[in-house]
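Below is one structure, written out as structure tokens; the observations come after it.
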Amino acid sequence: MLQQTTLPRRAPVVLPAPQEDGPLAQGREFVWTDGDFTRIKALIYKRAGISLHDGKHAMVYSRVSRRLRDTGHTSFKAYLDWLEQHDGPEWQEFINALTTNLTAFFREQHHFTILDELMRARRGHDWRIWCSAASTGEEPYSIAMTATEALGSGGSFHLVNSDIDTKVLATAAQGVYKSDGVKGLSPERLQRFFMRGKGGNAGLMRVKPELQKHMEFLSVNLIEELPFNEPFDIVFCRNVMIYFDAETQRRVLERIHRVMKPGGMLFVGHAENFSDARKHFELRGKTVYERV
């Protein structure tokens, strides 16, 4: 008969929690410190006005680490030192890496209903519209489809589309989307405004020239002086201000105010409220403001 042996109990080993300042914290490829995050936070605020809060550590590490790999740097410190010493194209790549582009066709549908009503009421008007955060183009083409439907094929409108992220802006200018990306559009809109790809382009949809002829694409940084000489009737600036602090919001709204016609309409995101900017804009509907 085997005799059971009771082994002496050992105190549990408590491992120290990984620290952000430690090398390869949480299995990371690069050393990541609070100092690195603070530097990146300051640089993106200075260059693009984007205000990052402390909960963005993981996102910033993931996105900027791609720039380390692409540029051959082995640490965030080395990359940021090099970035600050050069005023070249990498700054745009840095900005592109940290911008968020969440969009869809006819997102926040009530805005397009209001836009349609505004334009139908002034069909003979030569409309100037600015979409200030064009992203990959779903919002601009939604605006253009609405304008064409409201004004008729002979209607006059010019749509300026901008973004700080040059890569998504290039996608918007091409106007080519996977078929899955246009599922929310009606069969009538797909037939009128898109061409279906064949052969090697099967599964892709391209915006028709009828829509693109009204559109212009350019890179614009909202925290810098705006490069427009003619004022706009309509401005879409949706889900952009949420990335700015209060002071940057105030300055950007002042710039937008200067490039709009009196009585022009500003469309903003569902989480944005500019009640403190009453001297520039008055609320006229759900997240729609009139330029004072």
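The values are calculated or read from the model by the stated rules, or taken from the named source; none is laboratory data. Small disclaimer: the values here were computed from a predicted structure and weren't measured. All Cβ positions, even for glycine, are placed from backbone atoms using ideal geometry, and neighbour counts span all protein chains on display.
Yes/no matrix, rows are residues, columns are (1) touching a residue at least 12 places away in the same chain (Cβ under 8 Å); (2) over 22 Å from Phe228 (Cα atoms); (3) surrounded by fewer than 16 Cβ atoms within 10 Å (Cβ to Cβ):
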| residue | (1), (2), (3) |
| --- | --- |
| Met145 | yes, yes, no |
| Ala150 | yes, yes, no |
| Ser153 | yes, yes, yes |
| Ala172 | yes, no, no |
| Leu185 | yes, yes, no |
| Glu188 | no, yes, yes |
| Gly200 | no, yes, yes |
| Gly203 | yes, yes, yes |
| Val207 | yes, yes, no |
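Right, Val235: assigned to a helix (DSSP H, G or I) and either modelled with pLDDT of 95 or more or over 24 Å from Thr99 (Cα atoms) (or both) or not? Considered against the rule, which asks whether it is assigned to a helix (DSSP H, G or I) and either modelled with pLDDT of 95 or more or over 24 Å from Thr99 (Cα atoms) (or both), Val235 comes out as no.
Checking each residue in region 39-94 for being among the acidic types (Asp, Glu), surrounded by 15 or more Cβ atoms within 10 Å (Cβ to Cβ) and in contact (Cβ under 8 Å) with a residue 24 or more places away in the chain picks out only Glu93. Selection of region 247-270 for residues being surrounded by fewer than 18 Cβ atoms within 10 Å (Cβ to Cβ) and either farther than 24 Å from Tyr45 by Cβ or in contact with a helix residue (DSSP H, G or I) (Cβ under 6 Å, 6 or more places away or on another chain) (or both) yields Lys261, Pro262, Gly263, His270. Restricting attention to region 271-292, and to residues there that are hydroxyl-bearing (Ser, Thr, Tyr) and surrounded by 13 or more Cβ atoms within 10 Å (Cβ to Cβ), which single residue is nearest to Lys41 (Cα to Cα)? Restricting to residues being hydroxyl-bearing (Ser, Thr, Tyr) and surrounded by 13 or more Cβ atoms within 10 Å (Cβ to Cβ), the top hit is Thr287.
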